[in-house]
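Take this structure, written in structure tokens, and hold onto it; I'll ask about it next.
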Amino acid sequence: NNLKRKEITMATAGVDAGSGTDGESKAGGGEAPINYQIRPPFKRMFKPNQVKKVIREVLEQELSDKKYNPSGEAVNKLTKHIAKTVKNRLKELPMDRYKIAVQVIIGENKGAGIRMGCRTFWDAQTDRMAKEEYENEEIWAVCIAFGVYLY
């Protein structure tokens, strides 16, 4: 049985995985170590201001000419469409290894108030959220995007 034993070195790096520039050493037989990245590089982090801009653009594009339709199915389709559009646009941003979740709430603008709450259990150094609100004479909307870094 000629099995060769390989040593695996773990290194954390502040650069993109696979770039091979940080924390690299040769291990057993001259092979490159496996890099486990536990924090995203700054350029690849979920940036709430950038995400808010995307959300605002989508909400204005999708809701500027809409009126509130009390039919549950129409509002249901609209919220799903907006959430999917925001999620797809956020996937275009340079945020590698982030799980994106988007929640959209739409209501009729009749002057009534609403309160929303959110609790999270996450890594405060990597995980983020962004919230944007939209309102016209007929409707209001709140869109929240959560970015959770996958280790």
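The values are calculated or read from the model by the stated rules, or taken from the named source; none is laboratory data. Not measured: the values here are computed from a predicted model. Don't worry about glycine lacking a Cβ; one is built from the backbone with ideal geometry, like all the others, and counts go over all protein chains shown. Each accessible area value is taken on the protein alone, full model and side chains, heavy atoms only, with ligands, DNA and RNA left out. Shrake-Rupley method; radii C 1.70, N 1.55, O 1.52, S 1.80 Å.
Could you say which residue among ASN69, ASN76, ASN136 is out of contact with any Pro (no Cβ under 8 Å at 6 or more places or on another chain), over 13 Å from ILE55 (Cβ atoms) and either hydroxyl-bearing (Ser, Thr, Tyr) or in contact (Cβ under 8 Å) with a residue 40 or more places away in the chain (or both)?
When all the criteria are applied, what remains is ASN136.
Name, by its number, the condition in (1) among the acidic types (Asp, Glu); (2) more than 23 Å from LYS110 (Cα to Cα); (3) without any contact (Cβ under 8 Å) to a residue 60 or more places away in the chain; (4) in contact with a helix residue (DSSP H, G or I) (Cβ under 8 Å, 6 or more places away or on another chain) that does not hold for GLU92.
Looking at each condition in turn, GLU92 falls short on (4).
Scan segment 117-137 residue by residue and report those that are under 25 Å from PRO70 (Cα atoms) and in a loop (DSSP other than H, G, I, E, B).
GLY117, ASN136, GLU137
To continue, here is another question. Name the residue, out of GLU73, GLU133, that is farther than 22 Å from LEU150 by Cβ and touching a Phe, Trp or Tyr at 6+ places or on another chain (Cβ under 8 Å).
Going through GLU73, GLU133 in turn, the sole match is GLU133.
Quick check: anything in segment 51-67 open to solvent by 70 Å² or more (accessible area, probe 1.4 Å), of a type outside the set (Lys, Arg) and under 30 Å from ARG39 (Cβ atoms)?
Checked against the condition, which is being open to solvent by 70 Å² or more (accessible area, probe 1.4 Å), of a type outside the set (Lys, Arg) and under 30 Å from ARG39 (Cβ atoms), segment 51-67 yields at least one hit.
Could you check how many residues of segment 67-116 are in a loop (DSSP other than H, G, I, E, B) and either farther than 30 Å from PRO41 by Cα or basic (Lys, Arg) (or both)?
Residues that pass the stated criteria total 14.
Another question, then. Can you report the number of residues in segment 98-151 which are surrounded by 15 or more Cβ atoms within 10 Å (Cβ to Cβ), charged (D, E, K, R) and under 23 Å from ILE38 (Cβ atoms)?
2
Could you run through segment 31-50 and say how many residues are surrounded by fewer than 18 Cβ atoms within 10 Å (Cβ to Cβ) and part of a helix (DSSP H, G or I)?
We begin by selecting, within segment 31-50, every residue surrounded by fewer than 18 Cβ atoms within 10 Å (Cβ to Cβ); these are 31-34, 36, 38-39, 41-43, 47-50.
Keeping just the survivors that are part of a helix (DSSP H, G or I) gives 42-43, 48-50.
The total comes to 5.
Does ALA74 satisfy being out of contact with any Asp or Glu (no Cβ under 9 Å at 6 or more places or on another chain), of a type in the set (Gly, Ala, Ser) and either open to solvent by 30 Å² or more (accessible area, probe 1.4 Å) or farther than 26 Å from ASP96 by Cβ (or both)?
Answer is yes for this residue.
Looking at (1) at pLDDT 95 or above; (2) open to solvent by 70 Å² or more (accessible area, probe 1.4 Å); (3) in contact with a helix residue (DSSP H, G or I) (Cβ under 7 Å, 6 or more places away or on another chain), can you tell me which one LYS84 breaks?
Just one mismatch for LYS84, condition (3).
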